[in-house]
Amino acid sequence: MPITLEQVSFSWQAEGVFKKQVLNNISFSLHEGEIAALLGPEGAGKTTLLQIMAGLVKPDRGTVKLDSRTIKLPGGYDGQIGMLFQFPEQQVFELNIYDEIAFGPKNQGLTGKKLQTAVYQAMQSVGLKPEEFLERYTDNISSGEKRRVAIAGVLAMQPRYLLLDEPLAGLDYEAATAVIECLHNINQQRGTTMLIVAHKPDRLLPLFNRYLILKSGRLITDFSSQSALSIAHILQQAEIELPVSLELIQHLAKAGGEWSGITADSDEIYRKIATRIRDKKGEE
Amino acid sequence: MGLRMGQYLPLDSPIHRLDPRTKLLVTILLGLASFKAPYPWGLIIIVSMILILVAASRVPLYHYWQDLRPFVLIILITAAIQLFLTPGDYLIGHSPLIITQQGIAGAMGLFMRITGILLLARWLTATTRPVQLTNSLETLLHPLRRIGLPLHELLMIMTLSLSFIPLLGEETVRIQRAQTTRGANLRSGNLLSGTKRIIAIIVPLLRGAMQRAAYLAEAMEDRGYEAGGHRTHLYQQKLALSDYGLFTVVAAAVVLIL
């Protein structure tokens with residue numbers, strides 16, 4: 001069953017001279033098993049929208065429904081929606097890593113071996129070795145590691161919906177790869193639905209099967225496509241900075257040749273370009 | 001979310017342009033007068049002056065109401081106690097809830113005094129930057145340095161403490177949200193689970209506050225702050241004709257009324 005937003009509006013400071021409309025009449029449904037990107041320029045309202053969907057902020061108008069039920073705030077989702085905050089410092093609050101990751105599963109009633117397994121699995125899925133990190137203090141790890149701890153804390157609860165705010169920010173290449181693989185796997189294995197906010201979505205592009213674009217608090221685009229050229233076109237129209245791979249394929253398409261069948265996976269794009277160059281050299 | 005209680009509102013008004021020392025002295029004078037002014041006419045004049053200052057600040061009334069709202073219940077309860085429990089000339093009601101003429105005067109007076117002082121406090125903080133307020137206090141209390149009081153350091157501690165209060169509020173909301181998204185039930189439960197919940201919030205809150213204080217100290221030292229060192233001010237204080245005018249009018253009114 002989907003999570004549905006119906007005409008959701010929100011403003012900071014309900015009245016007065018500093019009133020700022022953040023979200024304006026947002027309506028869409030997130031269907032089971034989807035991985036959707038929520039894109040838009042800074043200040044478009046992406047983070048606020050995630051907070052409303054997670055039941056942390058009450059909209060001024062409109063409703064958020066989960067399985068056709070309007071949810072009571074705050075946190076009326078019973079752990080069905082997991083949210084990763086924009087900055088791990090906003091999320092990590094326990095003294096050591098084990099307690100931090102175990103916080104959610106404990107609230108779900110897990111104890112003993114089951115609890116330990118949930119924590120270990122979550123850590124491994126984001127590339128954190130339990131034997132190395134389990135007892136370490138959350139204040140004594142790097143920001144990239146803290147980001148992974150925050151993700152593990154959410155994954156350990158096995159939520160049906162994941163709302164992720166910049167999941168790859170601050171991660172090095174290897175850690176980012178581990179997180180992308182992890183997100184792909186839990187989507188495939190458990191059918192977890194995801195809405196992912198990303199400023200530079202380059203490496204996440206292969207995951208997405210839907211794009212929601214916010215601008216000045218309005219949902220200006222909602223489209224589904226895998227085609228690199230279509231995605232590049234839509235992103236450009238929404239004035240969002242194109243990932244390098246999409247920019248490259250767009251230039252190549254403008255220069256001529258058939259590039260329309262390529263998906264928005266940078267690895268695939270570079271592979272196809274290399275193949276074409278090789279073929280061209282072979283012809284010469 | 002939105003504006004914090006008592007936050008400075010950067011607007012353009014004659015009050016915003018006044019010297020912060022004038023606003024501080026006017027606040028002290030009118031605040032004292034609100035307590036001491038005789039009911040009704042003395043108090044009416046003082047409250048009217050406060051209302052004129054509030055209107056001249058061009059801060060929308062909503063922002064005053066926003067900061068007044070948490071005190072409404074306390075004001076009403078206190079006024080009701082005055083109304084029903086003040087002995088005097090019988091007017092209406094049955095024992096034990098009897099309203100007397102003195103009771104009405106007491107309740108009205110109390111209502112006007114507390115509301116006036118709260119409006120005045122909000123007027124000052126809405127139109128004056130905290131750092132300007134601290135500088136004004138430092139200037140006004142300057143003579144105390146002669147008896148060896150580390151005035152600047154004390155005021156710096158005061159400013160930082162005041163700025164930490166809303167931050168602690170924000171930090172509490174942050175921890176509550178982080179726990180809510182991971183299934184913590186922050187509402188229902190018995191006394192024991194309620195206590196556990198509070199501890200689960202207070203421990204990271206204190207840890208975070210101490211860490212923030214350490215970072216702040218480091219950041220200040222990195223930028224050359226030194227206890228006891230000579231510092232210049234970004235906002236230069238300069239009294240204008242309007243400052244002398246307002247202070248004279250308020251001081252004269254207060255002296256005449258008291």
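A short reminder: the numbers here are calculations on the coordinates, not readings from a lab. Every value quoted in this text rests on a predicted model; they were computed, and no experiment measured them. Note that we place each Cβ from the backbone using ideal geometry, even for glycine, and neighbour counts take in every protein chain shown.
On full extension of the chain, what length is gained from residue B:202 through residue B:28, given 0.36 nm per residue of separation minus the C-alpha to C-alpha distance? Spell out each step's value before the answer.
Numbers: separation 174, 0.36 × 174 = 62.64 nm, distance 3.57 nm.
Once the chain is fully extended between residue B:202 and residue B:28, it gains 59.1 nm.
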| Reachable lysines from residue B:238, Cα under 20 Å, same-chain residues fewer than 8 places away excluded? | B:23
| message | Taking only Cα atoms of the stretch B:116-198, what ratio of Rg to Rh do you get with Rh as the Kirkwood inverse-distance radius? | response | 1.22
| note | Rg (one decimal) and Dmax (whole number) from the Cα set of the stretch A:98-247, in Å, equal 17.1, 53
| message | Skipping prolines and chain starts, which residues have an amide H placed within reach, meaning under 5 Å, of the one on residue A:83, given they are 5 or more residues away or on another chain? | response | A:163
| said: On the Cα set of the stretch B:150-222, report Rg and Dmax in Å, please. | reply: 15.9, 49
| remark: Ranked on Cβ counts within 10 Å of their own Cβ, fewest leading, B:54, A:8 go B:54, A:8
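What relative contact order, as a whole-number percentage, does chain A give when Cα pairs under 8 Å and 6 or more residues apart are counted? All intermediate terms of the calculation are to be shown ahead of the outcome.
Details: 496 pairs, mean separation 61.1, N = 284.
Worked out over chain A, it gives 22 percent.
Between residue B:165 and residue B:145, what length in nm is gained on full extension when 0.36 nm per residue of separation is reduced by their alpha carbon distance? Let's see the in-between values first.
Values: separation 20, 0.36 × 20 = 7.20 nm, distance 2.76 nm.
Contour length minus Cα-Cα distance gives 4.4 nm.
Restricting to DSSP H runs of at least four residues, report the calculated mean residue ellipticity at 222 nm for chain B, -39500 (n - 2.57) per run over all residues, nearest 500 deg cm²/dmol.
Values: 10 runs with 176 residues, N = 258.
For chain B, the value works out to -23000 deg cm²/dmol.
Could you calculate the FRET efficiency of residue B:13 with residue B:258 from 1/(1 + (r/R0)^6), where r is the beta carbon distance between them and R0 is 22 Å, rounded to 0.05? Working shown, then result.
Values: r = 28 Å, r/R0 = 1.29.
Calculated transfer efficiency: 0.20.
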| message | When 1/r is averaged over all different Cα pairs and the result inverted, which Kirkwood radius in Å belongs to the protein assembly as shown? | response | 28.0 Å
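Take each complete run of DSSP H in chain B, measure how far its Cα atoms stretch along the helix's own axis, and keep only those covering 27 Å or more with mean Kyte-Doolittle hydropathy at least 0.0; list them. Could you put the intermediate results ahead of the total?
Working: long enough: B:101-127 (39 Å, 0.95); B:151-180 (44 Å, 0.58); B:191-222 (46 Å, 0.60).
Qualifying helices: B:101-127, B:151-180, B:191-222.
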| field | Packing-based exposure ordering (other Cβ within 10 Å, fewest first) of A:142, A:68, A:227 | value | A:68, A:142, A:227
| request: Among A:18, A:155, A:115, flag the residue with its Cα farthest along the positive direction of the charge dipole of the protein assembly as shown, charges on Cβ as +1 for Lys/Arg and -1 for Asp/Glu. | output: A:18
| said: Can you tell me the convex hull volume per residue for chain A, based on C-alpha atoms, in Å³ to the nearest whole number? | reply: 147 Å³
| said: If N is the number of residues in the stretch A:206-284, what value comes out of its Cα radius of gyration divided by 2.2 N^0.38 Å? | reply: 1.23
| field | Cα centre as origin, Lys/Arg/Asp/Glu Cβ charges: chain A dipole, Debye | value | 620 debye
| residue A:90 label point, 7 Å along Cα→Cβ, cut-off 15 Å on backbone N: hits in the stretch A:190-233? | A:196-199
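To the nearest whole number, what is the average tally of beta carbon atoms from other chains within 10 Å of the beta carbons of peptide B:56-63? List each step's numbers first, then the result.
Values: counts 0, 0, 1, 2, 5, 2, 7, 5.
Average neighbour count from other chains, rounded to a whole number: 3.
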| In Å, what is the Rg of the alpha-carbon atoms in the stretch B:1-80, and how long is Dmax? | 14.3, 40
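Which of the helices in chain A, when you take each full DSSP H run, stretch at least 15 Å along the axis at their Cα atoms and have an average Kyte-Doolittle score of 0.0 or higher?
A:143-155, A:244-255
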| said: To make sure I understand, if each residue's beta carbon is the centre and we count other beta carbons within 10 Å, what order do B:128, A:70 fall in, fewest to most? | reply: A:70, B:128
| When the distances between all Cα atoms of the stretch B:66-172 are binned every 10 Å from zero, what whole-number percent does each bin get? | 13, 26, 23, 19, 15, 4, 0
| message | Can you compute the charge dipole magnitude of the stretch B:100-248 about its Cα centre, using +1 on each Lys and Arg Cβ and -1 on each Asp and Glu Cβ, nothing else charged? Give it in debye, rounded to the nearest 20. | response | 580 debye
| message | Under a crude label model (7 Å from the Cα following the beta-carbon direction), how far is residue B:153 from residue A:251 in nanometres? | response | 6.1 nm
| query | Where the only charges are on Cβ atoms (+1 Lys, Arg; -1 Asp, Glu), what is the dipole of the protein assembly as shown about its Cα centre, to the nearest 20 debye? | reply | 1300 debye
| field | Kirkwood-based shape ratio for chain B, expressed as Rg/Rh from alpha carbons | value | 1.05
| said: Against the empirical 2.2 N^0.38 Å scaling, what ratio does the C-alpha Rg of the stretch B:12-53 come to? | reply: 1.26
| task | With just the Cα atoms of the stretch A:96-158, tell me how far they stretch along each of the three principal axes, in Å, largest first. | result | 30, 18, 17
| message | What lysines does residue A:20 reach when the alpha-carbon gap must be under 28 Å and sequence neighbours fewer than 8 apart in one chain are set aside? | response | A:46, A:58, A:65, A:72, A:200, A:215
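For chain B, what's the relative contact order in percent, using C-alpha pairs closer than 8 Å and at least 6 residues apart? All intermediate terms of the calculation are to be shown ahead of the outcome.
Details: 221 pairs, mean separation 76.2, N = 258.
Computed value for chain B: 30 percent relative contact order.
For peptide A:88-99, compute the average count of partner chain beta-carbon atoms within 10 Å of each residue's beta-carbon. If you can, show how the numbers build up before the last one.
Numbers: counts 0, 3, 5, 7, 2, 14, 6, 3, 0, 0, 0, 0.
Neighbouring Cβ atoms belonging to other protein chains average 3 per residue here.
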| remark: Under a Gaussian network model of chain A whose springs join Cα atoms within less than 10 Å, the largest fluctuation of A:181, A:100, A:131 belongs to A:131
